[in-house]
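Undergrad: A single structure is presented below for examination.
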Amino acid sequence: MASQSTSTSFEEKMAGLKSMETLNLSGFTKPVVILSTMWNLDVVSALVDGCRTELLRLGMPERLIVNIQVPGAFELPSAALEAAKAGPDAVAAVICIGVLIKGSTMHFEYISDAVSHGIMRVGLDTGVPTIFGVLTCLTDDQARERAGIAIGEGGPGHNHGIDWARTAGRMALLPEETAKALGAATASA
Ligand code: DLZ
């Protein structure tokens, strides 16, 4: 008997994120910092472009988008801390963009783990939305597909930099939305 597939298509997985396509960031008065790595520069540049272009499309004032480069993914958490240490009153969000490609040693595992935990810690410790825009891929082709620059029959793929821009916008707007919702709940109690 043929087993029934439970796999979900990429479109289905992303469907819940649709509402973020229409975020309005035109009222932002604090900068969004895009940190990116010099490693795997061709893929990283495509992701940064996708992210930046989407921030602008959502209305983010161009003068408030700050780009800073670091050597590799391992440096992203400390650079994110530097960018976020002034706190959420000074910085709207920090987006950390990099690409880790698995090699033949354990390097990938150690760095992926350290970077993901480090970025999470910066967000929790500073209160500044700190976005994990690090691709952890088994091959160059996988990375290109996730940066929208693949060549081949499957098409160019999807640029995740777009999603990270939307996520940063959404998370930066969240405190105000949460305060309003809590206020309304309290008022109606
Ligand atoms: C050393 C290294 C290796 C092997 N691979 C990558 C990679 O795929 N992506 C990346 O962003 N950085 C890589 N690095 C560099 C480390 O992240 C870091 O910059 C160095 O170990 C110095 O701390």
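The values are calculated or read from the model by the stated rules, or taken from the named source; none is laboratory data. Keep in mind that this is a model prediction, so the values were computed, not measured. In this analysis, Cβ positions are derived from the backbone assuming ideal geometry, glycine residues included, and neighbour counts consider all displayed protein chains. Keep in mind that these areas ignore ligands, DNA and RNA; they rest on the heavy atoms of the full protein, side chains included. Shrake-Rupley method; radii C 1.70, N 1.55, O 1.52, S 1.80 Å.
Undergrad: Amide H neighbours of GLN69 under 5 Å, at least 5 residues apart or on other chains, H built in the peptide plane: list them.
TA: Amide H neighbours of GLN69, under 5 Å, 5+ apart: SER36.
Undergrad: Given a 1.4 angstrom probe, I'd like the percentage of the accessible area of the chain that is carbon and sulfur, rounded to a whole number.
TA: 58
Undergrad: Now, a different point. Which semi-axis lengths, in whole Å and largest first, follow from the square roots of five times the eigenvalues of the Cα gyration tensor of the stretch 27-183?
TA: Those come to 27, 19, 13 Å.
Undergrad: May I ask for the distance between the Cα centers of the stretch 104-156 and the stretch 8-42, given as a whole number of Å?
TA: 14
Undergrad: Return the percentage of antiparallel bridges among DSSP beta bridges fully within the chain, rounded to the nearest 5 %.
TA: Beta bridges within the chain, antiparallel portion: roughly 5 percent.
Undergrad: Please give the solvent-accessible surface of LEU124 in Å², to the nearest 10, using a probe radius of 1.4 Å with every protein chain present.
TA: 130
Undergrad: Just to check I understand the Karplus step: with θ = phi - 60° and J = 6.51 cos²θ - 1.76 cosθ + 1.60, what whole-Hz values come out for the stretch 49-61, glycine and proline as x?
TA: Along the stretch 49-61, the couplings run 4, x, 5, 4, 4, 5, 4, 5, 4, 7, x, 4, x Hz.
Undergrad: List the residues whose amide H sits under 5 Å from the amide H of GLY127, counting only those 5 or more places along or on another chain, with H placed 1.01 Å from N in the peptide plane.
TA: Amide H neighbours of GLY127, under 5 Å, 5+ apart: none.
Undergrad: Between helix 160-187 and the chain, what is the angle of the helix's C-alpha long axis to the longest principal axis, kept within 0 to 90° and rounded to the nearest 10?
TA: With both axes taken from Cα atoms, the answer is about 30 degrees.
Undergrad: Which value, in Å² and to the nearest 10, is the accessible area of THR8 when all protein chains are kept and the probe is 1.4 Å?
TA: Rounded to the nearest 10, the figure is 70 Å².
Undergrad: Now for a different question. Where the only charges are on Cβ atoms (+1 Lys, Arg; -1 Asp, Glu), what is the dipole of the chain about its Cα centre, to the nearest 20 debye?
TA: 420
Undergrad: Another one. Using a 1.4 angstrom probe, figure out how much accessible area the stretch 27-183 has per residue, in square angstrom, rounded to the nearest whole.
TA: It amounts to 51 Å² per residue over the stretch 27-183.
Undergrad: So, one more: Quick one: angle between helix 107-126 and the longest Cα principal axis of the chain, in degrees between 0 and 90, rounded to 10, please.
TA: With both axes taken from Cα atoms, the answer is about 0 degrees.
Undergrad: Taking amide H positions as placed 1.01 Å from N in the peptide plane, with prolines and chain starts having none, which residues 5 or more places from VAL134, or on another chain, fall under 5 Å of its amide H?
TA: Placed amide hydrogens put GLY98 under 5 Å from VAL134.
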